[in-house]
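Working notes, beginning with the structure itself.
Quick note: the coordinates plus some simple rules give every number you see, no bench work behind them. Keep in mind that this is a model prediction, so the values were computed, not measured. We place every Cβ from the backbone using ideal geometry, glycine too, and count neighbours over all the protein chains shown.
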Amino acid sequence: MPDLPPLGQRLADVDDQIADAARAASRDLSSISRIVITKFHPASLVRELHELGVRDFGESRHQEAQPKVAELADLDARWSFVGQLQSKKARQVRAYCQAIHSVDRDSLIAALTNDEAATALDVFVQVNLTDDPGRGGVLPSELEGFADRVASAAGIELRGLMGVAPLGEDPRPAFAALRGLSERIGAQHPHARALSMGMSGDFAEAIAEGATHLRIGTAITGKRPDHG
Ligand SMILES: *Cc1c(COP(=O)(O)O)cnc(C)c1O
């Protein structure tokens, strides 16, 4: 085997670690999607990743993502939006993404609702897993009602829950909590059992707690270019 370029090597290493974590948790690898988060990286890096076989990409800032996705319109790529989203930008994001992982406010549901959508947008409800109510995400106590409102909105499909583990702590309890909430939501909404959790530093723990969608940036892309 010829040596892989550094990007290909990092991708292969992460995929090995994903496979190891799935095996350790007795989980089927095909139940886990690896989304590569390319924020702050140029379109050329997305092309390199596409050549390496990556099809699922994610971005977190609309003003950066919109022109990047447009420049890459020739690729058969699927885009997820994972960052904080202003409701006045939501319709624009919907136009170039197949999924939004960060829906956490009624104003976003209203902005994304679309009676005439040809294809439904996949929506994950972001849950706040920290003690800080100012962080993104709905509070666990408000989740059930909010999920019901997403599920009944036209043109969007509730797929599951998303969370970011609190910084500087063992991520496992937060992921276990999200899994518990997911079981409750899944009982009401059988098509909404997906769990978007796990980033570069904690995807193995997320897989152990049932993650179905990993959002991995720097472990694959390398350090993000300085963004000022
Ligand atoms: C940037 C980002 C990621 C990826 O983070 P890494 O630590 O680089 O893997 C995942 N989720 C969200 C919401 C992000 O903004």
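Please compute the length gained on full extension between ARG184 and GLU169, using 0.36 nm multiplied by the number of residues separating them and subtracting their Cα-Cα distance.
Full extension of this stretch gives 2.9 nm more.
What does the charge add up to near VAL82, with Lys and Arg as +1, Asp and Glu as -1, over the other residues with Cβ less than 11 Å from its Cβ?
In short, +2.
Share of antiparallel DSSP beta bridges in the chain, in percent to the nearest 5?
0 percent
Helix-only mean residue ellipticity at 222 nm, the chain, DSSP H runs n ≥ 4 weighted -39,500 (n - 2.57), per residue, nearest 500. What is it?
-12000 deg cm²/dmol
Read phi for every residue in the stretch 52-65 and hand back ³J(HN,Hα) as whole Hz from Karplus 6.51 cos²θ - 1.76 cosθ + 1.60, θ = phi - 60°, with x for Gly and Pro.
Along the stretch 52-65, the couplings run 7, x, 6, 10, 9, 10, x, 9, 10, 9, 4, 5, 8, 6 Hz.
Work out the charge dipole of the stretch 175-221 with +1 on the Cβ of Lys and Arg and -1 on the Cβ of Asp and Glu about the Cα centre, then indicate which of HIS191, ILE216, ALA176 is farthest towards its positive end.
The Cα lying farthest towards the positive end belongs to HIS191.
Amide H neighbours of SER33 under 5 Å, counting only residues 5+ apart in sequence or on other chains, H built in-plane at 1.01 Å?
Those lying under 5 Å, H to H, from SER33 are HIS213, LEU214.
How much space per residue, in cubic angstrom, does the convex hull of the C-alpha atoms of the chain take up?
In the chain, the Cα hull volume divided by residue count equals 138 Å³.
Find the relative contact order for the stretch 7-221 and round it to a whole percent, using C-alpha pairs within less than 8 Å whose residues are 6+ positions apart.
RCO, the stretch 7-221: 21 percent.
The stretch 145-210: which GluC sites (Glu not before Pro) are DSSP loop and have at most 11 other beta-carbon atoms within 10 angstrom?
Listed in order of number, the matching sites are GLU169.
In whole Hz, with x marking every Gly and Pro, tabulate ³J(HN,Hα) for the stretch 165-174 from phi via Karplus 6.51 cos²θ - 1.76 cosθ + 1.60, θ = phi - 60°.
5, x, 5, x, 9, 4, x, 4, x, 5
What is the sum of charges around GLU169, taking Lys and Arg as +1, Asp and Glu as -1, for the other residues whose C-beta is under 13 Å from the C-beta of GLU169?
-4
Using the count of nearby Cβ atoms within 10 Å as a rough guide to exposure, how do ILE109, ILE207, ILE216 rank from fewest to most?
Ranked by crowding around the Cβ, least crowded first: ILE109, ILE216, ILE207.
Amide H to amide H, which residues 5 or more places from GLY58 or on other chains are under 5 Å from it, using H placed in the peptide plane?
Excluding prolines and chain starts, which carry no amide H, the hits are VAL36, ILE37, THR38, SER80.
For LYS88, go through the aspartates and glutamates and keep the ones whose alpha-carbon is under 15 Å away, minus same-chain ones fewer than eight residues off.
Partners within reach: ASP104, ASP106.
For a footprinting-style exposure proxy, rank ARG78, ARG159, ARG34, ARG23 by other Cβ within 10 Å, fewest first.
ARG23, ARG78, ARG34, ARG159
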